[in-house]
1. About its Cα centre, what dipole magnitude does the chain give when the only charges are +1 on Lys and Arg Cβ and -1 on Asp and Glu Cβ, stated in debye to the nearest 20?
2. Considering the chain as a Gaussian network with a 10 Å cut-off on Cα pairs, which listed residue, ASN245, ASN235, ASN190, attains the greatest mean-square fluctuation?
3. Need one number for region 13-142: average projected area of the convex hull over its C-alpha atoms, nm².
4. Going by amide H atoms built from the backbone, whose H comes under 5 Å of the H on THR121, apart from near neighbours?
5. For the residue pair LEU129 and ALA187, what label-to-label distance in nm results when each label sits 7 Å from Cα along the Cα-to-beta-carbon direction?
6. State whether region 68-199 is rounded, prolate or oblate according to the following rule on the C-alpha gyration tensor (a ≥ b ≥ c being the square roots of its eigenvalues): a/c under 1.5 gives rounded; otherwise a/b larger than b/c gives prolate, and the remaining case gives oblate.
7. Please label the shape of region 111-181 as rounded, prolate or oblate, based on the square roots a ≥ b ≥ c of the eigenvalues of the alpha-carbon gyration tensor (a/c under 1.5 means rounded; beyond that, a/b larger than b/c means prolate, else oblate).
8. I want the antiparallel fraction of DSSP beta bridges within the chain, as a percent rounded to 5.
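No value in this document is a laboratory result; all are computed from the given coordinates. In this text, all values refer to a predicted model and were calculated from it rather than measured experimentally. Virtual Cβ from ideal backbone geometry, glycine too; neighbours counted across all protein chains shown.
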Amino acid sequence: MNHRKFHNILQTKHSYRTAKKLQLLVNRLPGWETLKFYFLTFRIVLTSSIRARSGRFSDSVWAQASANTINAVESSGGKVIITGLKPLSEHKGPVVYISNHMSMLDTFLLPSIALAFNKVTFVVKEELLHYPVFGPVMRAVKPIAVARKNPREDFKVVMQKGQELLNQGISIIIFPQSTRNPVFDPALFNTMGVKLAKKASVPVVPIALKTDFQGTGKLIKDFGPINPDKKIFVNFGAPITVEGNGQQTHKRIVSFIIENLTKWGGQIAASSKL
């Protein structure tokens with residue numbers, strides 16, 4: 001799928017749903033969906049890495065690479081459902097996207113959606129910038145990198161660089177959880193994104209996602225089995241202006257994520273269910 005066609009769908013229909021089609025090999029050969037998905041994903045990352053190393057990794061290239069990930073999901077029998085984009089399409093200017101974090105797929109899928117509306121980058125852990133193949137790609141999108149050794153220093157970095165980027169019109173995606181987890185636990189969901197939005201005077205946009213289509217690997221966390229029976233859901237909330245100290249905004253974001261995960265059959269920490 002060409003990213004321009006994909007962006008046009010998002011901008012006009014404000015949603016996207018995988019079309020129904022036959023997946024004969026996926027249905028007949030056990031494990032084929034996992035092999036196919038990782039083959040296609042590795043090819044996407046390798047191609048992107050080559051472009052990044054040569055200084056040719058633009059927003060357009062990033063958007064296409066991300067759209068190719070959706071192609072990889074669908075070619076492996078998966079189904080993608082994206083909703084809630086109308087309020088975002090009507091908003092002008094940068095935002096802070098705040099999302100739960102379930103699998104590696106999150107960082108692959110979200111750029112193709114967000115770039116339909118504005119320039120964007122991530123807050124990421126610094127070690128990702130040094131991965132042999134994936135590292136050049138992450139460096140090319142100029143993320144806010146945090147070491148995750150000193151929370152106070154990380155906070156300063158995000159507040160300073162985040163405000164600079166937002167002032168330049170670049171939106172920022174933040175995963176407030178300390179690590180990817182198929183179980184959503186609000187106790188591990190910090191308020192850094194809300195505080196950044198408040199400081200930069202921009203709205204927050206909550207994102208609820210369910211990407212356990214890609215499981216967690218036993219030996220290597222990033223390479224778990226693929227389950228085509230688990231649909232991928234991504235729902236965007238309306239932009240929210242942060243008021244007061246941001247606590248009520250944070251609660252609204254958490255509630256938004258819990259409500260959507262509950263509807264989709266996602267996992268939520270028992271003490272946090274509504």
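1. My answer is approximately 360 debye.
2. ASN245
3. Answer in nm², one decimal: 8.9.
4. HN-HN under 5 Å from THR121: SER171, ILE172, ILE173.
5. Spacing of the two 7 Å Cα→Cβ label points: 3.3 nm.
6. Here region 68-199 falls in the rounded category.
7. It is oblate, given that a/c is not under 1.5 and a/b is not larger than b/c.
8. Percent antiparallel among DSSP bridges in the chain is about 30.
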